Amino acid sequence: VETMSQFMIARHKLIERLPSIDAATMDDNSNRTVYAGPSNASANVYGRSPAWPHVNGGDIVAGRSYTSFEEAAGDKVAVINEKTAETLFGRRDPVDQQLKIASQSYRVIGVYHSPPNLWSSGSGPEVYVPYTTFRRYVAQWTEWASFTVRPKAGVPLRTALDEVTTALRRSRGLRPAQ
């Protein structure tokens, strides 16, 4: 019997191989209290696969993001946004500092600056951890996840959406009307 996680990983690989797709990430999130010494913040904690900065845009302004090796191993590493860095660490450099999420210690490896986003204020604390790490230690419900997809340059969004939808329907044996 295929687990939900195996199901999602197989669909993620399917999407990444599509001709119109540049990159795709698996995504999940949860609101958690994040601690660093005596400081804490309520933060959106995101579990994402390693391609997330490329797919979502924005910049790593200090340190780095996590690698596919760290993701595969479920390493406890984190990238935080600038608001989290300011809230938890003040003027100290957050890279190589420790923080706690759901009673687990993580090493901060980078600081992320989000691109402008019409759908999000982007002003609150955010933490990004490898998807496998998130599922293992942070997720409160493991029967759900989503994908974020970036089309190749020059591919219309509608074309990429149709290709992903068709591939996912076929993988589940569904017809267009189902």
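The values are calculated or read from the model by the stated rules, or taken from the named source; none is laboratory data. All of these numbers come straight from a predicted model, not from anything done at the bench. All Cβ positions, even for glycine, are placed from backbone atoms using ideal geometry, and neighbour counts span all protein chains on display. Ligands, DNA and RNA are stripped out before the accessible areas are found, and what is left, the full protein with its side chains, is counted by its heavy atoms. Shrake-Rupley method; radii C 1.70, N 1.55, O 1.52, S 1.80 Å.
Here are the numbers for the structure shown:
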read-out	value
Entirely in the stretch 1-88, the strands (runs of 3 or more DSSP E) that have 1 or more residues that are open to solvent by 20 Å² or more (accessible area, probe 1.4 Å)	21-36, 39-48, 59-63
Selection count where residues are in contact with a Pro (Cβ under 7 Å, 6 or more places away or on another chain) and loosely packed, with under 14 Cβ neighbours inside 10 Å, scope the stretch 139-168	1
Residues within the stretch 101-110 that are open to solvent by less than 10 Å² (accessible area, probe 1.4 Å) and either in a loop (DSSP other than H, G, I, E, B) or within 13 Å of A85 (Cα to Cα) (or both), tallied	3
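Listed here are the residues, each with its yes/no results for (1) among the aromatic types (F, W, Y); (2) modelled with pLDDT of 90 or more; (3) under 16 Å from the mean Cα position of the chain (by Cα).
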| site | (1), (2), (3) |
| --- | --- |
| T3 | no, no, no |
| Q6 | no, no, no |
| A10 | no, no, no |
| R17 | no, yes, no |
| M26 | no, no, yes |
| S30 | no, yes, yes |
| T33 | no, yes, no |
| P38 | no, yes, no |
| S42 | no, yes, no |
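Residues are listed down the side, and each one gets a yes or a no for (1) in contact (Cβ under 8 Å) with a residue 60 or more places away in the chain; (2) among the aliphatic types (A, V, I, L, M); (3) not in a helix (DSSP H, G or I):
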residue: S123; (1), (2), (3): no, no, yes
residue: V127; (1), (2), (3): yes, yes, yes
residue: F134; (1), (2), (3): yes, no, no
residue: E143; (1), (2), (3): yes, no, yes
residue: V164; (1), (2), (3): yes, yes, no
residue: L168; (1), (2), (3): yes, yes, no
residue: G173; (1), (2), (3): no, no, yes
